[in-house]
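In what follows, a single structure is set out as structure tokens and then discussed.
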Amino acid sequence: MQEKQDKSQEMAIAALRKALKEAQAIVIGAGAGLSISAGFSMSGPRFYEHFQDFADVYGFQDMYSGGFYPFETLEEYWAYWSRYIELNRYSPARCPVYERLLELVQGKDYFVITTNVDHQFQKAGFNHNRLFYMQGDYGLWQCSVPCHQKTYDNEAIVHEMVRSQTNLRIPSRLIPRCPRCGKPMSMNLRIDATFVEEPGWHAAARRYGEFLRQHAHKKTLFLELGVGLNTPGIIKYPFWRMAYQWPDTTYACINLYEACAPKEIEAKSICIHEDIGRVLKEL
């Protein structure tokens, strides 16, 4: 049985290699699984290595849950979030997964839409004009109200928060506040209706839409990497729909746990149940 599964996977990887070579356009859809493969796990040993003190005091057992914890003070809130941002936005990846992906599409006509907010595509060298960060960026803050549609880079102050925190709190003087209305700043993440879609976000959305329009009748590969069922309406379902409607497409999905395709596009799909980094290395 194992030998049969290995053979099937070898054939799937060979088919994907061929699809990558022949594609006139590649649309990459990336979810959390891609960053997890690069070493950005939100739980397990990596969580306890960096957040054991928070786990002991507040009880949450992974970084994702910590992001929704109702901290009583902004000093506690930003102590957690500054450490989280520094680790997941400004620290280097442990594995060169994004770099390998870039090598595969370098020289190709590609575009990336991602729900990831860790900036790893640009850090790996992807052209920022070919990226659409749909859900925001850990490296940006916005007014929590918001009183205006603008975002602010946070790197310098985040590093200072991490260096200055004691007893799971930052100094009150470091709490970020909106330069216009004075209200507390918040993360530029799509978690509710206050998410700021600033001009750069809309420009990226237009570039993505135009890329799709220009390639609807070309030989196109939809390459879905690590996208789960948390927000399938952003990448997964649109990829399925376009793969079904467009005349000359291949849909490829690499996911350690959820690699699948509906029967309507089964004949033009490649589904690989494996760690993304391992598959990219083989490719």
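Taking the condition charged (D, E, K, R) and either in contact (Cβ under 8 Å) with a residue 24 or more places away in the chain or assigned to a loop (DSSP other than H, G, I, E, B) (or both), does Glu99 pass?
yes
Lys21 - would you say it is on the phi < 0 side of the Ramachandran plot, surrounded by fewer than 15 Cβ atoms within 10 Å (Cβ to Cβ) and not in a helix (DSSP H, G or I)?
Values: on the phi < 0 side of the Ramachandran plot: yes; surrounded by fewer than 15 Cβ atoms within 10 Å (Cβ to Cβ): yes; not in a helix (DSSP H, G or I): no.
Considered against the rule, which asks whether it is on the phi < 0 side of the Ramachandran plot, surrounded by fewer than 15 Cβ atoms within 10 Å (Cβ to Cβ) and not in a helix (DSSP H, G or I), Lys21 comes out as no.
Considering only region 135-157, I want to know if a residue exists there that is of a type outside the set (Val, Ile, Thr), under 14 Å from the mean Cα position of the chain (by Cα), surrounded by fewer than 19 Cβ atoms within 10 Å (Cβ to Cβ) and assigned to a loop (DSSP other than H, G, I, E, B).
Taking every residue of region 135-157 in turn, at least one turns out to be of a type outside the set (Val, Ile, Thr), under 14 Å from the mean Cα position of the chain (by Cα), surrounded by fewer than 19 Cβ atoms within 10 Å (Cβ to Cβ) and assigned to a loop (DSSP other than H, G, I, E, B).
Looking only at region 116-161, how many residues end up being touching a residue at least 24 places away in the same chain (Cβ under 8 Å) and out of contact with any helix residue (DSSP H, G or I) (no Cβ under 9 Å at 6 or more places or on another chain)?
Adding up the residues that qualify gives 10.
For residues in region 222-265 being among the aliphatic types (A, V, I, L, M) and within 17 Å of the chain's Cα centre (by Cα), which is farthest from Glu22 (Cα to Cα)?
If we take residues in region 222-265 being among the aliphatic types (A, V, I, L, M) and within 17 Å of the chain's Cα centre (by Cα), then Leu229 is farthest from Glu22 (Cα to Cα).
Which condition does Leu229 not pass, out of (1) hydrophobic (A, V, I, L, M, F, W, C); (2) at pLDDT below 95; (3) in contact with a Lys or Arg (Cβ under 9 Å, 6 or more places away or on another chain); (4) over 30 Å from Thr250 (Cβ atoms), if it passes all the others?
(4)
Results for (1) in contact with a Gly (Cβ under 7 Å, 6 or more places away or on another chain); (2) surrounded by fewer than 18 Cβ atoms within 10 Å (Cβ to Cβ); (3) touching a residue at least 12 places away in the same chain (Cβ under 8 Å); (4) not in a helix (DSSP H, G or I), shown as yes or no for each residue.
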residue: Arg180; (1), (2), (3), (4): no, yes, yes, yes
residue: Ser186; (1), (2), (3), (4): no, no, yes, yes
residue: Leu221; (1), (2), (3), (4): no, no, yes, yes
residue: Thr231; (1), (2), (3), (4): no, yes, yes, yes
residue: Cys260; (1), (2), (3), (4): no, yes, no, yes
residue: Glu264; (1), (2), (3), (4): no, yes, yes, no
residue: Val279; (1), (2), (3), (4): no, no, yes, no
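Would region 31-51 turn up any residue that is modelled with pLDDT of 95 or more, surrounded by fewer than 12 Cβ atoms within 10 Å (Cβ to Cβ) and farther than 22 Å from Asn255 by Cα?
Scanning region 31-51 turns up at least one residue that is modelled with pLDDT of 95 or more, surrounded by fewer than 12 Cβ atoms within 10 Å (Cβ to Cβ) and farther than 22 Å from Asn255 by Cα.
Going residue by residue through region 235-258, is there one that turns out to be in contact with a helix residue (DSSP H, G or I) (Cβ under 7 Å, 6 or more places away or on another chain), of a type outside the set (Phe, Trp, Tyr) and part of a loop (DSSP other than H, G, I, E, B)?
yes
Which one is surrounded by the fewest Cβ atoms within 10 Å (Cβ to Cβ), of the residues in region 74-93 that are assigned to a loop (DSSP other than H, G, I, E, B) and in contact with a helix residue (DSSP H, G or I) (Cβ under 9 Å, 6 or more places away or on another chain)?
It comes out as Pro92.
Name the single residue, out of those in region 107-131 being over 10 Å from the mean Cα position of the chain (by Cα) and part of a strand (DSSP E or B), that is surrounded by the fewest Cβ atoms within 10 Å (Cβ to Cβ).
Step by step, filter region 107-131, then rank; the result is Leu131.
If you scan region 266-277, which residues turn out to be part of a strand (DSSP E or B) and of a type in the set (Val, Ile, Thr)?
Selection gives Ile270, Ile272.
For a quick check of your reading of the model, give me the residue pairs whose first member lies in region 43-57 and is within 16 Å of Glu86 (Cβ to Cβ), whose second is assigned to a helix (DSSP H, G or I), with beta-carbon atoms closer than 7 Å and at least 6 apart or on different chains.
Between residues of region 43-57 that are within 16 Å of Glu86 (Cβ to Cβ) and residues that are assigned to a helix (DSSP H, G or I), the close pairs are Phe47/Met63; His50/Arg83; His50/Leu87; Phe51/Met63; Phe51/Gly66; Phe54/Gly66; Phe54/Tyr80.
Go over the candidates Ile270, Ile254 one by one and state the one that is more than 12 Å from Val27 (Cα to Cα) and touching an Asp or Glu at 6+ places or on another chain (Cβ under 8 Å).
Ile254
The values are calculated or read from the model by the stated rules, or taken from the named source; none is laboratory data. None of these values were measured; they are calculated from a predicted model. Neighbour counts run over all protein chains shown; Cβ positions are idealised from the backbone, glycine included.
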